[in-house]
Amino acid sequence: MHMFEHLRILSVIIMALARVVLFSLVGAVACFQDLDFPPGFQFGAASSSYQTEGAWNTSDKSESIWDRFVHEKPHLIGDGSTGDIACDSYHLWRRDIEMVSELGLHFYRFSISWTRLVPNGFATHISEDGRTYYDNLINGLLESGVEPMVTLYHWELPQKLQDLGGWTNPLIVDWFGDYARVVYSLFGDRVKTFLTINEPLVMCDLPYNTGTLAPGIVDVVATYMCNKNVLLAHAKAWRIYDEEFRPKYHGEVSITNQLLWFEAATPEDEELAEHAREWMAGRYSHAIFSAEGGWPPVVEKAMAEDSKKKGYPRSTLPAFTKEEIEFVRGTFDFYAVNHYSSRLVRKAKEGEELHPYPLGDIPELAAKLEPHPHWRPTATAIFWLYPEGLHHQLVWLKKRYGDIRFVITENGVATPAGRNDMDRIEYYTEYLKQVLLAIKEGVNVTGYTAWCLMDNFEWSDGYKTKMGLYEVDFSSPERTRTQKASARFYKNLIQKHSLNFKVYADEL
Ligand code: NOJ
């Protein structure tokens, strides 16, 4: 045989071996763990209106707090950009539907823009163009066999309502309820899962403690007014659905919470870590999901002491009346979890500087929050990798609120630009393994949502942060969307209904 023939055969053998060896991180662990998802477990991907739709002033859409914020304070956005055009999903919704079908998603989570559908803020009239846009999207999804999961509010308050105090005005409970009723009556015949409010912690604590998100007003007292009103507004929207729509449409409604897992830095910090969990998860969950309702007692106590120390005549955490406690308690059909990262919690040292929560520490508890030195950083400055955190979080939630049903409504990671996003594949693999572990231990998790369908406007990071399964070319007027390696991975995972599959290099 000619030497070249030997070489050719050798290279064929090497290639074949490489294909076998090059199975993903996924297959490598198959022998150690059962990597199949339970029958009926559902996979989706998410987006939100401001981050993707664009068309910020098209037709009769009115100005939202995010439109105002980016136009007035571009220096607070990493690349000075806006969501004015974003992914232009307002015009490219057909392509979005094509993408979710390509992936084989069971459901697609998107949000409705209040100012597009109800431009006046108050439910006096409905925008015909706004309604048509969401009708097209919902109908297109259903025709493709993909269930719509609709968030009513993903942070875009009508500016007009902000001028009246926004989430610090208790009347927002009715305003939000009226808006929710419009959404249910227009789309409830086809949409069976609604999320009232996305990450109330990030829309109350972050803006009012740091000013880095809309409406950009720093006022720590406002944080807790917003906190209480948001819980009441959610409850109002849930009750409206329950009484007026559930009997005919048989759908489900919940609220979606952003949860960083808090782990004690040392065994001595365990009690403090538990208080920090109540601070983060409890402040937005206890009133709804606990048997007794109201604020978590440790938070109430810490706030009373902290307010007194600062000279306030009463706690800055507004009290609930008995009627309000009953009104909010039990207003859920499942628990929706957004999870990205974790922190270690330790007691702050004497005189140590503490940064405002949630980007920094929890000064009210004298708690210092840090990543573990071994956790890998990601392209998002505040997120470090600790997949086990998701498992611990789910187990804690079940222990705290009982054997309820959980859906992960967001989980994902930012990676450097480019389509060969192996880090994202590793992230999904590792975090999903932890979901499987929780399921195995008896936590009833029935769905998982990848954040996000495509690269989009990542709030104060602008377009620098890339979290999508699809790349979007923001320099082209067509906003061309192209699959990344992670999209092919996710599609495979959904098809196999398991993490136990081989991914060959040439498939990525
Ligand atoms: C949660 C928010 O809901 C979403 O809008 C945001 O893009 C992701 N976190 C990533 O930061």
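Hey, could you grab the Kirkwood Rh for the range 155-218? Inverse mean 1/r over distinct alpha carbon pairs, Å, one decimal. Before the final figure, lay out the partial values.
On the way: mean 1/r = 0.0768 Å⁻¹.
Computed over Cα pairs of the range 155-218, the Kirkwood hydrodynamic radius comes out at 13.0 Å.
So which aspartates and glutamates can residue 308 reach, going by Cα to Cα under 13 Å and dropping same-chain residues fewer than 8 places off?
Candidates past the 8-residue exclusion: 300, 364.
Once the dipole of the range 433-508 is set up with Lys and Arg at +1 and Asp and Glu at -1 on Cβ about the Cα centre, which of 468, 451, 494 lies farthest towards its positive end?
494
How much length would be gained if the chain were fully extended between residue 91 and residue 309, taking 0.36 nm per residue of separation minus their Cα-Cα distance, in nm to one decimal?
Gain on extension, residue 91 to residue 309, equals 73.1 nm.
Under a 1.4 Å probe, what is the accessible area of the range 373-508 per residue, stated in Å²? All intermediate terms of the calculation are to be shown ahead of the outcome.
On the way: 5120 Å² over 136 residues.
I get 38 Å² per residue for the range 373-508.
What order, most packed first, do the peptides 57-65, 450-458, 272-280 have when packing is the mean number of other Cβ atoms within 10 Å of each residue?
Details: 57-65: 18.4, 450-458: 25.9, 272-280: 22.1.
Listed from highest to lowest mean packing, they are 450-458, 272-280, 57-65.
Do you know the relative contact order of the chain, to the nearest whole percent, from alpha carbon pairs under 8 angstrom that are 6+ apart? Please list the in-between numbers first.
Numbers: 980 pairs, mean separation 92.1, N = 508.
For the chain, the relative contact order is 18 percent.
How many percent of the accessible area of the chain is carbon or sulfur, using a 1.4 Å probe? Intermediate results must be reported in sequence, preceding the final value.
Details: 11210 of 19940 Å².
Of the solvent-accessible surface of the chain, carbon and sulfur hold 56 percent.
Using R₀ = 22 Å, calculate the FRET efficiency as 1/(1 + (r/R₀)^6) where r is the Cβ-Cβ separation of residue 122 and residue 189; round to 0.05.
Values: r = 24 Å, r/R0 = 1.09.
Step by step, r from the Cβ atoms, then E = 0.40.
Helix 388-401 versus the longest principal axis of the chain: what is the Cα-based angle in degrees, 0 to 90, to the nearest 10?
So the inclination is approximately 40 degrees.
Strictly over 24 Å apart at the Cα level, which of 398/466; 309/347; 398/433; 398/491 would you flag in this model? Walk me through the numbers before you get to the answer.
Details: 398/466 32 Å; 309/347 18 Å; 398/433 18 Å; 398/491 30 Å.
Result: 398/466; 398/491 exceed 24 Å.
Give, as a single signed number, the net charge of other residues whose beta carbon lies under 11 Å from the beta carbon of residue 421, with Lys and Arg counted +1 and Asp and Glu -1.
Values: positive: 419, 424, 466, 484, 488; negative: 423, 426, 455, 471.
That works out to +1.
State in Å² the accessible area per residue of the range 102-232; use a 1.4 Å probe, count heavy atoms of protein chains only, and round to the nearest integer.
Values: 3530 Å² over 131 residues.
Result: 27 Å² of accessible area for each residue.
Looking at the chain, send over the antiparallel percent of its DSSP beta bridges, to the nearest 5.
Working: 12 of 49 bridges.
The antiparallel proportion sits near 25 percent.
Counting heavy atoms of the protein chains only and a 1.4 Å probe, report the per residue accessible area for the range 238-318 as a whole number of Å².
44 Å²
Could you pull the Cα extents of the chain along its three principal axes, largest to smallest, in whole Å?
Answer, in whole Å and largest first: 94, 59, 47 Å.
Please give the contour-minus-distance gain from residue 71 to residue 239: 0.36 nm per residue of separation, less the Cα-Cα distance, rounded to one decimal in nm. Provide the component values of the computation, followed by the final result.
Values: separation 168, 0.36 × 168 = 60.48 nm, distance 3.62 nm.
Value of the extension gain: 56.9 nm.
Roughly what % antiparallel, to the nearest 5, for the DSSP beta bridges in the range 339-486? Don't skip to the end; give the middle numbers.
Numbers: 10 of 15 bridges.
The antiparallel proportion sits near 65 percent.
Could you let me know the centre-to-centre spacing of the range 375-404 and the range 54-68, using Cα atoms, in angstrom?
35 Å
Hey, with R₀ at 30 Å, roughly what FRET efficiency would residue 101 and residue 498 work out to, going by the Cβ-Cβ distance, to 0.05?
0.90
The values are calculated or read from the model by the stated rules, or taken from the named source; none is laboratory data. What you see is a predicted model; the values in this text were computed from it and never measured. Every residue, glycine as well, gets a Cβ built from its backbone with ideal geometry; the counts of neighbours run over all protein chains shown. For accessibility, only protein heavy atoms count, side chains too; no ligands or nucleic acids. Shrake-Rupley method; radii C 1.70, N 1.55, O 1.52, S 1.80 Å.
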